[in-house]
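Read through the structure below, which is laid out as C-alpha cells, and then see the notes.
Bear in mind these aren't lab numbers, they're just calculated from the coordinates by the rules spelled out. Computed from a prediction, not measured in an experiment: that's the story for all the values here. Counting neighbours? That spans all protein chains shown, and the Cβs are built from the backbone with ideal geometry, glycine included.
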Amino acid sequence: LELEVLDAFIAKVQCLTMDVTDEGAYKALRKTFSQEDSNRLYYMATGSDLYTPVCRGLHSAGLITPQSKIVLEKPIGHDLASARAINDTVAEFFKENQIYRIDHYLGKETVQNLMVLRFANSLFESQWNQHYIDHIQITISESLGVEKRAGFYEHVGAMRDMFQNHLLQLLCITAMEPPARLEPDAVRDEKVKVLRALKPITGNLISDNVVRGQYDAGVADGKAVPRYRDEPGVHPKSQTETFIAAKVEIDNWRWAGVPFYLRTGKRLAERACEIVVHFKEIPHSIFPLQHKNTMANKLIFRLQPDEGVRLMLCEKRVGPGMNVRPMNLSLNPSNHRQTRVPEAYERLLFDALSGNATLFLRNDELLEAWRWVDPILSYWTELDQRPEPYTAGSWGPAAATLLLAKDGRLWDENS
Ligand code: BG6
C-alpha cells in the first residue's frame, strides 16, 4: 500500500526549472497549477537574498492570494538590518499570518516532548528555576565538515548557520515561561521574552564568553579529512568559524545566576544533539561518595541520534554498605511508540499547510535573535582574526573547555 501511495504522490510532482529573478518566468509557473489556489504553500529553500525577487515574481503573475502561505528558510538576512529589510519587503506581499519562518530544530520530536514534559508534569516545572538548577548545556555537534556547501557557508559561518537560530530556539523552548495556551502567539510571546532577557554580550565580554573555532585537518568517521581552509571553495585565508561555544545568561527571576552553555560545530567527535539540565547538588550527603558529581541529578533531552529523555538519579549499589551510584530513568519514545517518528521537515511543512504557526518564528522573534547576535558578529569583523583552530574529530578548541573550567564545570560527554 505504501508504494501505491508513493506512486500516486510522485505522479503529482512536477519540476520546473526557471530563473527566479526573471519576472516573466512566473507565467510558466502559473500554467503548471491546475486549479485556483485553495491551499498553496511556497517554500523558499533558497538564500534569503532571493525572497524579494520571488515575492515580486509571484505577485506579478497573480500567484499570491489571501490563502497563500510562504515558508522562509533560515538564516533570514545576515544581521539585524538585513533581516528587518527582508521582513519588511516580504510583508508587502504576505500578511504575518501567511509567513512561516522555519527552524527545523523545532520540528524535532524531542523538542516538542520537552514542552510536554515541562508543561504536563508538575514534577519538573516546580524545579525549573535558579533554586534547583545549577546550569544547562545545549550541544549540537556534527561530524560532517562543510561538504559541498562552501559557497553558502563561507559567508555564513556557525554563528549565522546554527547559533542565531537553532541553538537560540532550543534555549527559548528550555527557558520560556509556561504559555497560557498552546497557541502560536501565546508560545511565541514567551519565546520573545526569553530573547529580550538575554544578557547582552558586547565589547570585552565577548572574548570572555564566546569562543569561535575553525577545524584543522584530522580524522572523521575513521578517515583523514582536510582542514576547513583546504576544503573546495573555501578561501585559503578564510576567517569563517566552524565552531562556537558561548556562556549565555538570562536576566530574569527564573534564571538569574544559571548559565546556559551553548556549543555547536562541524567536524566534531560525533553527531549528536542534547539539552542537559544539571540540577544543583544536594546540600549535605550522608553517604560515602566516590565521585561528588554522581550526586547531582541531570535531565537529558537527546534530540539525535537515538532520541529520548533520561533522568539521571542516584541509587544504592547492590551489596554491603550504602554506596551510591548514578542510574538512568529512561523515556525512550521508540520503545513504546507504534508509529514512525516523523522527520522534522515533514512535521513542520504539514503544520504550515494546516495553518499552525506554533513551531515557526514570528517577525519580532527573528529580530530579537539578531539584535543579540549582532554585536558579536561586528566584534569579530573588526578583530579580523582567524578563529582558534581545532583538530577535526575533537570536541573543539581548548578555549571551549576553558570556558567551563573557569566556572569549575565540564562539558557533558555525549552519551
Ligand atoms: C542546517 C545547517 O540548518 O542544519 C547545516 O544549515 C547543518 O549546516 C544542519 O548541517 C544540521 O541539521 P540536522 O537536523 O542534521 O542536525
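Counting only Cβ charges, +1 for Lys and Arg and -1 for Asp and Glu, the dipole size of region 317-386 around its Cα centre is about 720 debye. In straight-distance terms, cross-link reach from K69 covers every one of the aspartates and glutamates whose alpha-carbon lies under 17 Å from its own, apart from those fewer than eight places away in the same chain; here that gives E36, D37, D88, E92, E96, D103, E346, D351. Working note: Cα gyration tensor of region 121-239, eigenvalues times five, square-rooted, sorted largest first, giving semi-axes of 35, 16, 16 Å. Sequence-ordered 3J(HN,Hα) estimates for region 376-387 from the Karplus curve with 6.51, -1.76 and 1.60 and θ = phi - 60° stand at 5, 5, 5, 4, 5, 4, 5, 5, 6, 10, 5, x Hz, glycine and proline given as x. Near I133, the amide H atoms lying under 5 Å from its own belong to K280; only residues 5 or more places off or on other chains count, and H is placed 1.01 Å from N. Would you grab the residues whose amide H sits under 5 Å from the one on N297? Only those 5+ places off in sequence or on another chain, please, with H modelled 1.01 Å from N. The answer is F279.
Rounded, prolate or oblate: which one fits region 1-118, using the alpha carbon gyration tensor with axes a ≥ b ≥ c (rounded when a/c is under 1.5, else prolate when a/b beats b/c, else oblate)? Oblate. If you take the Cα centroid of region 163-214 and the Cα centroid of region 296-368, the two points sit 19 Å apart. Note on the chain: with a GNM built from Cα contacts shorter than 10 Å, the maximum mean-square fluctuation among G396, G77, G24 falls on G24. Evaluating kT/(6 pi eta Rh) at 25 °C and 0.890 mPa s, with the Kirkwood radius of region 356-396 over Cα pairs in the Stokes-Einstein relation, gives 184 µm² s⁻¹. Between amide H atoms placed 1.01 Å from N, distances below 5 Å from E343 occur with no residue 5 or more places distant or on a separate chain.
In order along region 354-365, phi translates into HN-Hα couplings of 7, x, 9, 9, 4, 9, 10, 8, 8, 2, 5, 5 Hz, rounded to whole numbers, per the Karplus curve 6.51 cos²θ - 1.76 cosθ + 1.60 with θ = phi - 60° and x for Gly and Pro. Among E281, E241, E142, the residue with the largest mean-square fluctuation in a Gaussian network model of the chain, with springs joining Cα atoms closer than 10 Å, is E281. Toward the positive end of the charge dipole of the chain, with +1 on the Cβ of Lys and Arg and -1 on the Cβ of Asp and Glu, the farthest Cα among G57, L349, W372 is that of W372. Shape of region 210-353 from its Cα gyration tensor (a ≥ b ≥ c, root eigenvalues): rounded if a/c is under 1.5, otherwise prolate when a/b > b/c, or oblate? Because a/c hits 1.5 or more and a/b exceeds b/c, region 210-353 counts as prolate.
When the listed pairs K148/K191; K108/K266; K95/K148; K12/K191; K27/K108 are checked against a 26 Å cut-off, the alpha-carbon distance exceeds it for K148/K191; K95/K148; K12/K191; K27/K108.
Compute the whole-percent fraction of alpha carbon pairs in the chain spaced more than 29 Å apart. Summing the P(r) of the chain above 29 Å gives 51 percent of all pairs. With helices as the sole contributors, the chain gives -9000 deg cm²/dmol at 222 nm; each DSSP H run of n ≥ 4 counts as -39500 (n - 2.57), and the sum is divided by every residue.
The magnitude of the dipole of region 155-223, with charges of +1 and -1 set on the Cβ of Lys/Arg and Asp/Glu and taken from the Cα centre, is near 120 debye. Remark: relative contact order (the chain) = 21 percent; criterion is Cα-Cα distance under 8 angstrom and separation of 6 or more residues.
Phi-derived couplings, Karplus 6.51 cos²θ - 1.76 cosθ + 1.60 at θ = phi - 60°, listed residue by residue for region 27-33: 5, 5, 5, 4, 5, 6, 7 Hz, with x used for Gly and Pro. Computed over the alpha-carbon pairs of region 239-281, the distance histogram in 5 Å steps reads 5, 16, 21, 22, 15, 12, 7, 2, 0 percent, short to long. Taken over region 320-408, the alpha-carbon convex hull comes to 295 cubic angstrom per residue.
Between F124, F33, F152, the Gaussian network model of the chain with springs among Cα atoms under 10 angstrom shows the greatest mean-square fluctuation at F33.
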